[in-house]
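S.K.: Quick one: this structure, given as C-alpha cells, is what I'll be asking you about.
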Amino acid sequence: MPSPTVPQSIQIVPSILPADFARLGDECAALAEAGVDRIQWDVMDGVFVPNLTFGPDVIAACRPYAGVMFEAHLMVVNPDPMLSAYVDAGCEMLIVHAESVTHLHRTLSRVAELGAQPAVAINPATPVESVAHVLDLVDMVLVMTVNPGFGGQRYLATMEPKIAELRRLVSQSDSTGASGAGIDIEVDGGISAETVGPAVAAGANVLVSGSALYRYAEGLAHGVADLRSSAEAARRP
Ligand code: DX5
C-alpha cells in the first residue's frame, strides 16, 4: 500500500488539443516517441463546455499510432450513452465530470463494468466533498485548474488548497485501507514548468499539459523531460 504522504508516481500527460488535427495519428506517435506516460483526449460536446472536439471514431483511428494509454476527458453533458463507444475506441480510462451526471456512482460503476479505469473530474467551483463517496470506485480524481473548454488559459493557483484537501482525503482513506488506496490526483489547465511545481507540492501527481508542452522550441521530448524534472523536484519528501 503506497505511503499516504507520498503521492503515486509522476505522470506527464499531454492534452491533444494543441496538436495538428489534420495529422492526429502522427501527432499521437510523436507524443509517444517523446516519452509521455499517456495521452488525454479532450472530448467536448459544445454544451457542457463552449467548444466542440472529437468523438470515438477519431480516437479509434488514432489508436494504432501510439502504444501509450489513452484517457478520454469527457467534457459532455450526458456521457452515459457513449461510455462503451469510448472504451471500444481504445480508451483505457474514462474521466467523467461530477457535474455532468445525475447518478455519478452508477456512471463510474458502469465504466468499471466496461473494463476501463474510472476517473472523476471536478471543475474549479466544485468542492472536493462531491467526490468523497466515490473514492472507492475511481483510480484517479482530476482537479481542473482552469474552467474547461479551451487550452492556453491561466493556471488557477487558488485550486492548490483544494488539491491538498483532496490529497489528505485520499490519504486518510489509504491509511484505513477502506477506499482510495493508490488514487492518482490529476491536474489539467495551465500546467507548465512554472506551475507544475506548486501543483505537485499541493498533492497532484498526474500532470496534463497542452499549450505549454507544445511551446517548447526544443521539441516535445525536451518539454516532457523538463516538465517531469520540474515535477519530480517538487515532490514532497
Ligand atoms: C480543458 C482542456 C485544457 C487542456 C490543457 O479546457 O482540457 O485544460 O486539456 O490546456 P492547457 O495545458 O493549454 O492549459
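S.K.: Quick check on the chain: of the DSSP beta bridges with both residues there, what percent are antiparallel, nearest 5%?
M.R.: Bridges in the chain are about 5 percent antiparallel.
S.K.: Between LEU114 and GLU92, 0.36 nm times their residue separation minus their Cα-Cα distance comes to what?
M.R.: 6.9 nm
S.K.: Would you please put 114-126, 89-101 in order of how densely packed they are, using the mean number of other Cβ atoms within 10 angstrom per residue and starting with the highest?
M.R.: Listed from highest to lowest mean packing, they are 89-101, 114-126.
S.K.: Turning to a different aspect of this structure: May I ask for the distance between the Cα centers of segment 22-58 and segment 112-152, given as a whole number of Å?
M.R.: So the separation of the two Cα centres works out to 18 Å.
S.K.: Can you pull the one-decimal nm distance between simple spin-label points at ALA125 and HIS222, each 7 Å off the Cα toward Cβ?
M.R.: Spacing of the two 7 Å Cα→Cβ label points: 4.1 nm.
S.K.: Separation between the SER9 and ASN78 pseudo-spin-labels, each 7 Å from Cα along Cα→Cβ, expressed in nm?
M.R.: With each label placed 7 Å out from Cα toward Cβ, I get 4.0 nm.
S.K.: Using helices alone, I'd like the mean residue ellipticity at 222 nm for the chain: each DSSP H run of four-plus residues gives -39500 (n - 2.57), total over residue count, nearest 500.
M.R.: Computed ellipticity for the chain at 222 nm equals -9000 deg cm²/dmol.
No value in this document is a laboratory result; all are computed from the given coordinates. All of these numbers come straight from a predicted model, not from anything done at the bench. So basically every Cβ, Gly included, is an ideal-geometry build from the backbone, and we count neighbours across all protein chains shown.
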